[in-house]
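Down below is the structure, laid out as structure tokens.
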Amino acid sequence: MTTPNTVPAAQALAGTGVTSSFAIHPNLTAAGLYAHALRRGEGRLSADGAFMAVTGVHTGRSVADKFVAEDPEVSKEIWWGKVNQKLDPAKFAAFTADARKWLGERKELFTQDLYAGADPEHRIKVRLVTTNAWHALFARNMFIRPPVGELEGFAPDFTILHAPEMEAKPEHGGRPNSTTLIGLSFAQKTICIAGTSYAGEIKKSIFTVMNWLLPARGVLPMHCSANVGKNGDTALFFGLSGTGKTTLSSDPERALIGDDEHGWSPKGVFNFEGGCYAKVIKLSQEAEPQIWDASHRFGAVLENVVADERGNLDLDNGSLTENTRACYPIEFIPNTVPGGQAGLPKNVVMLTADAFGVLPPIARLTPAQAMYHFMSGYTAKVAGTEKGLGKEPQATFSTCFGAPFLPRHPEVYGKMLADLIAQHGAQVWLVNTGWTGGAYGTGQRMSIKHTRALLRAALDGSLAQAEFATDPFFGLAVPQNVPGVPAEVLNPRDSWADKAAYDKQAKHLVSLFEKNFESFAGAVSDEVKAAALKSAA
């Protein structure tokens, strides 16, 4: 007999290659997974009822340990290099065989049958097999939960073998001396994760799969958040970690489609996920009430968040990592789009946290500039966001705002975006959520109130009526008058006390853009080349 939202144990492992004579817990809901996680000592509860887990040595993605099987049938289409490191198919087979054996020997396993992709025409079925109840809850929160009636006979398109406590071996083909390995085979439709408990590996592995599958179907996969206004106008928000992608898309005045991963099809935009994975270090209840509330309730999973003995959260505490996270179902956000689908985008926003303090808070981009900044994928990291960073900002360029998750060559995605913008006439904006009045350490972080005011003006169309002036360093069209935003904020040079220092910093950033452009200059049109930033002769 089956219980609601579950499947027979024998079917729970079907298609995974894992066999077990021990306890299998298929498709448990949050309450059941909580009970098992607490029984097993996997974590504890916050004072508000969220489940708190600590991931150990890995508190972020282990980028250097991600490998892709060099399967002959797909090898020619993969963007090989640092992002997609080659793994011999025979070694991948040995790795997955060992993982299946290891999983089968555990005293209990947890499985979840889930969807990735809100649009039924483009979704995939995913089966996760894991050793921990909290990892199963993470996946259940993060992906789309099928109705009970769709679980019977569920046959996965892709399988995730999640063995966080298993150590990868040298013969598995990963990095020398590393016991962590994230292996992916597009041909065998299998993901295998070993040696890391960081749950984000589960989420991003499936994102990589969607980035592989969808371009061939004429759908652009995007590392972006998305929301929709009361008039049905869809907006996309591209941006790397720490740029405000999740925060700015969670707007009380607009309905959230999703906070991180979407597809742009001929019909419109659809979420890949059924949940949110928000960074919560220094989370402000006043500035980000929706994310705050979602992180302080039963059903949420908190990763590496610190609390006192009574479970009261200290979101300012980064002693475990600055990459503290909350994972929760998207319905924890009060104003969301049912079904995770909306119409074609009217506005596209590219976010950057410019720690050099020289980019304007908002600028209107031409189609050629849009392609250039999409391929550049710029933001800047500062001390405190990652270990090993010094006092000076470090420019980061991640092509298409998601290089670590692109299995195909970046120009594939870049050309698709350019074609979609041209076809549908979307307006593109560059928004700086970083520093103003000086670089990191001297200036101050851009006011979220100012950013929201600028975005609302852009999305409701009123900003298009403003007077624009061309920035002399970056060639950007910058509005000169926006209600509620000081003029000196709109023009960052005016906010610097030392104008010569601004000029020097702006020239420096232009030179960094110029150097990065060399990596993709051969793959873009003459119009994009003409829009590229260039240092003064």
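The values are calculated or read from the model by the stated rules, or taken from the named source; none is laboratory data. Owing to the predicted nature of the structure, the values given are computational and were not obtained by experimental measurement. Reconstructed Cβ throughout: ideal geometry from the backbone, glycine too, with neighbour counts over all protein chains shown. Heads up: the accessible areas ignore ligands, DNA and RNA and are worked out on the full protein's heavy atoms, side chains in. Shrake-Rupley method; radii C 1.70, N 1.55, O 1.52, S 1.80 Å.
Figures for the structure shown
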{"read-out": "Test: residue in the stretch 119-128 that is open to solvent by 10 Å² or more (accessible area, probe 1.4 Å) and touching a helix residue (DSSP H, G or I) at 6+ places or on another chain (Cβ under 7 Å)", "value": "yes"}
{"read-out": "Selection count where residues are open to solvent by 40 Å² or more (accessible area, probe 1.4 Å) and of a type in the set (Ser, Thr, Tyr), scope the stretch 21-42", "value": "2"}
{"read-out": "The stretch 159-173: number of residues that are under 23 Å from Phe405 (Cα atoms) and either in contact with a Ser or Thr (Cβ under 7 Å, 6 or more places away or on another chain) or open to solvent by 60 Å² or more (accessible area, probe 1.4 Å) (or both)", "value": "7"}
{"read-out": "One residue from Leu344, Leu313 being of a type in the set (A, V, I, L, M), over 19 Å from the mean Cα position of the chain (by Cα) and under 24 Å from Gly60 (Cα atoms)", "value": "Leu313"}
{"read-out": "Test: Glu303 is among the charged types (D, E, K, R) and open to solvent by less than 10 Å² (accessible area, probe 1.4 Å)", "value": "yes"}
{"read-out": "Leading residue by the ranking (nearest to Ser398 (Cα to Cα)) among those in the stretch 43-92 that are open to solvent by 10 Å² or more (accessible area, probe 1.4 Å), hydrophobic (A, V, I, L, M, F, W, C) and part of a helix (DSSP H, G or I)", "value": "Val63"}
{"read-out": "Sole exception among (1) farther than 24 Å from Arg254 by Cβ; (2) modelled with pLDDT of 95 or more; (3) assigned to a strand (DSSP E or B); (4) among the aliphatic types (A, V, I, L, M) for Val428, by number", "value": "(1)"}
{"read-out": "Residue check for Ala363: open to solvent by less than 10 Å² (accessible area, probe 1.4 Å), in a strand (DSSP E or B) and out of contact with any helix residue (DSSP H, G or I) (no Cβ under 7 Å at 6 or more places or on another chain)", "value": "yes"}
{"read-out": "Hits in the stretch 94-111 - residues which are of a type outside the set (Lys, Arg) and crowded, with 17+ Cβ neighbours inside 10 Å", "value": "Phe95, Thr96, Asp98, Ala99, Trp102, Leu103, Gly104, Leu109, Phe110, Thr111"}
{"read-out": "Odd one out for His262, checked against (1) touching a residue at least 12 places away in the same chain (Cβ under 8 Å); (2) within 26 Å of Leu33 (Cβ to Cβ); (3) not in a loop (DSSP other than H, G, I, E, B)", "value": "(2)"}
{"read-out": "Only listed residue being crowded, with 16+ Cβ neighbours inside 10 Å, more than 27 Å from the chain's Cα centre (by Cα) and without any contact (Cβ under 8 Å) to a residue 60 or more places away in the chain, chosen from Ala477, Ala466, Ala500, Ala487", "value": "Ala466"}
